[in-house]
Every structure is written in structure tokens, then in C-alpha cells.
1. Kindly evaluate PHE82 against the criterion of being among the aromatic types (Phe, Trp, Tyr) and within 15 Å of the chain's Cα centre (by Cα).
2. Go through region 50-67 and report how many residues are loosely packed, with under 10 Cβ neighbours inside 10 Å and part of a helix (DSSP H, G or I).
3. Tell me which residues, restricted to region 99-125, are farther than 19 Å from ALA79 by Cβ, surrounded by 10 or more Cβ atoms within 10 Å (Cβ to Cβ) and modelled with pLDDT of 90 or more.
4. Any chance region 89-100 includes a residue that's out of contact with any helix residue (DSSP H, G or I) (no Cβ under 7 Å at 6 or more places or on another chain) and of a type in the set (Asp, Glu)?
5. So which pairs qualify, if the first residue must be in region 55-68 and over 15 Å from ALA79 (Cβ atoms), the second must be surrounded by 13 or more Cβ atoms within 10 Å (Cβ to Cβ), the Cβ gap must be under 7 Å, and the two must be at least 6 apart or on different chains?
6. Would a scan of region 32-49 turn up a residue that is assigned to a loop (DSSP other than H, G, I, E, B), modelled with pLDDT under 95, among the hydroxyl-bearing types (Ser, Thr, Tyr) and surrounded by 11 or more Cβ atoms within 10 Å (Cβ to Cβ)?
Amino acid sequence: MAAAASAAGTVGPTAAPVEEEGSSGESSPTAAPLPQAPAPTAGPRLSRLPLARVKALVKADPDVSLAGQEAIFILARAAELFVETIARDAYFSAQQGKRKTLQRKDLDNAIEAVDEFAFLEGTLD
């Protein structure tokens, strides 16, 4: 097998292009095979939210008929970033009150303080 790989001029998926002699005696570069995407491993998860639950929430909307896996992942990641941002802002509000536990008033303060959260005003009432 190793002899076949060295005869072909490549070893592994990231080998550099090899020059082969053409029929006219000139050398021409050939492209190495493209590296394959790594197989899913048990490494760190890309999303902290369960994608099956996000997909179920998306499919609960009657206006949505199909939802691709990439769209589900992007929605899950956007939800994570949203929760992270509002939680951080609410935590800063709690720290100003010399507390470590978030309370509803901390979320209210975060919503009032940040213009991007204006669409949430009145939702906690």
C-alpha cells in the first residue's frame, strides 16, 4: 500500500501537488486530493442548546415547513448569544447591588439600559 502511495506521489490528504511528466516530456503539476471534513468526534460541542429541541420549536411555527440543519444550528447559536448577552448585562446590574444572584429587577434594568433590548420592554410584566 505504501508503495502505491509513493508511486502516486502523495502521502495523506494534505500532501503538496506532485509534478508528473506528461506525454511530451514536460512536467505539469497535479492537484492533491482535497482534505475531507473531519468526522464528528466526542469533542467540545458547537452548540450548548440541544439542536433537537431548537428544531422542535422551529417546526412548531405553522409558517415553517422545512428547516435545514444549518439554519437550526444558526438559530441555536443566536439564542445562546442572546441569552449570554442579556445574562451578562443583568449580572452587572446585580453586582452594582452587591449581589451574586440575579433577580427580575436585574433583567428589567438590563432591558432598560441596552437599546437592543427595547423590544423586550413590558414582556416581564
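The values are calculated or read from the model by the stated rules, or taken from the named source; none is laboratory data. Since the model is a prediction, treat every value here as computed from it, not as a measurement. Don't worry about glycine lacking a Cβ; one is built from the backbone with ideal geometry, like all the others, and counts go over all protein chains shown.
1. Working: among the aromatic types (Phe, Trp, Tyr): yes; within 15 Å of the chain's Cα centre (by Cα): yes.
Yes, satisfied.
2. We begin by selecting, within region 50-67, every residue loosely packed, with under 10 Cβ neighbours inside 10 Å; these are 52, 60-63, 65-66.
From what is left, the residues that are part of a helix (DSSP H, G or I) are 52.
Adding up the residues that qualify gives 1.
3. Filtering region 99-125 down to residues farther than 19 Å from ALA79 by Cβ leaves 99-101, 103-106, 108-109, 112-113, 115, 121-122, 125.
Right, trim to surrounded by 10 or more Cβ atoms within 10 Å (Cβ to Cβ) and you get 99, 103, 105-106, 108-109, 112-113, 121.
If the condition is that a residue be farther than 19 Å from ALA79 by Cβ, surrounded by 10 or more Cβ atoms within 10 Å (Cβ to Cβ) and modelled with pLDDT of 90 or more, then ARG99, GLN103, LYS105, ASP106, ASP108, ASN109, GLU112, ALA113 are the ones that fit.
4. No, region 89-100 contains no residue that is out of contact with any helix residue (DSSP H, G or I) (no Cβ under 7 Å at 6 or more places or on another chain) and of a type in the set (Asp, Glu).
5. Listed by first residue and then by second, the contacts come to LYS59/ALA67; VAL64/VAL58.
6. Let us first name the residues in region 32-49 that are assigned to a loop (DSSP other than H, G, I, E, B), namely 32-49.
Applying the additional criterion that residues be modelled with pLDDT under 95 yields 32-49.
With the extra rule that they be among the hydroxyl-bearing types (Ser, Thr, Tyr), the set shrinks to 41, 47.
Checking the rest, the ones that are also surrounded by 11 or more Cβ atoms within 10 Å (Cβ to Cβ) come to 47.
Yes.
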